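What follows is a short report on a single structure.
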Amino acid sequence: MFKCRNELDERQLLQRGNVFQHAMILFVVLLSINALLKECDITWAEGMYEDMLIMWVAITLCLGEFAILEIYPIGGGMNVIYIVEGVAGAFLFGMCLFEVLTGREAFLTGHTLTRTGAEMVQGGCMLLLLLVFCGKKVYNHRKGGGEDEA
Amino acid sequence: MGKNLRLKAARANLGLTQQGLADMVGVTRQTIVAIEKGDYNPTVKLCIQICQVLGKTLDGLFWPEPEGGNDRV
C-alpha cells in the first residue's frame, strides 16, 4: 500500500546502520592491532593474508548480523550470495583441511599462519556465514513464520 | 517503553494479523512486532500510516496514557 516490500523499512535501515558501525569499529580495531604487531616485527600470517583475514573477519561480522537480523540490502539476491559464498567457503575449507591433514601443507610455521592456514580460516569464515544463514531460516521455520507474536 | 496494547487491540478488532498490517503499511512483520512489544519507537510517518490503515487517531494509538496506564509507546 505504501511502499515496495523489497526495500528496507525504517527499523531495518536503523539496524543496517548499526551493523555497519559494528563492522567499521571491528575493522579499525583489528587494523590498529595489526599495525602495532607490525611495529613489533610480529608476523601472524604470511604475505597479504594478514590484511585479507582482517577484512574477512569484518565482512563475516557484517553479513552474519545481516542474516541474524534478516536485513538483506539487495533483497532476494542476498540469498544467492550467502549460498554461493558458503559453498565456495566449504570447498576452500575442505581443500585446505585435506592438505593439512595429509601433511602436504602446514597450518602454522612457528607463530605464523601459512597461506594454507590463512585460506582455511577464510573458508571457515565463509562457511560460518552459510551456517548462520541456514540456522536463521530453520529457526524461522520452526517458530512459524507468518503467525502473530505476543 | 512498555507494550503498545492499544495498537494490538485495534489491529485485532479489524481482524488483521501482524503480517497483514505490515503488508498494508509497507514494513516487515518484525517491525510491527517490535512496535507492539515496545522495542521500537516508530517515526511519525509510520505512526500516521498505521493510524490510516487502522482508522484511528495518533492520540488514540500512540499518545502516552496518563499515569497508571502500561500500554505506552
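A short reminder: the numbers here are calculations on the coordinates, not readings from a lab. All figures in this text were calculated on a predicted structure; none of them were measured in a lab. As a convention, Cβ positions derive from the backbone with ideal geometry for all residues, glycine included, and neighbour counts pool all protein chains shown.
Projection of the Cα convex hull of chain B, averaged over all directions and equal to a quarter of that hull's surface, yields 4.2 nm². In a DSSP loop and with at most 16 other Cβ atoms within 10 Å, the trypsin sites (Lys or Arg not before Pro) in region A:65-139 are A:Arg104. Compared with the dominant principal axis of the Cα atoms in chain A, helix A:115-143 is inclined by about 20°.
Translational diffusion of the protein assembly as shown, estimated by Stokes-Einstein from the Kirkwood radius over alpha carbon pairs at 37 °C in a medium of 0.692 mPa s, is 160 µm² per second. Pairs from the list B:Lys8/B:Lys45; A:Lys143/B:Lys56; A:Lys137/B:Lys37; A:Lys143/B:Lys37; A:Lys136/B:Lys45 with a Cα-Cα gap above 21 Å: A:Lys143/B:Lys56; A:Lys137/B:Lys37; A:Lys136/B:Lys45.
Look at the stretch B:6-19: the mean tally of other chain Cβ atoms within 10 Å of its residues' Cβ atoms is 1. The mean sequence distance of close C-alpha pairs (under 8 Å, at least 6 residues apart), as a share of the length of chain A, puts its relative contact order at 28 percent. The mean number of Cβ atoms from other chains found within 10 Å of a Cβ in peptide A:10-20 is 3, as a whole number.
DSSP loop (so not H, G, I, E, B), at most 16 other Cβ within 10 Å: list which trypsin sites (Lys or Arg not before Pro) in region A:4-52 pass both filters. Sites meeting the loop and neighbour criteria: A:Arg5. Computed about its Cα centre, the charge dipole of chain A is approximately 340 debye, with only Lys, Arg, Asp and Glu carrying charge at their Cβ. Scaling against 2.2 N^0.38 Å puts the C-alpha radius of gyration of region A:16-139 at 1.15.
Quick one: check the C-alpha center-to-center distance for region A:76-142 versus region A:7-27, whole angstrom. Each part's Cα centre sits 24 Å from the other's.
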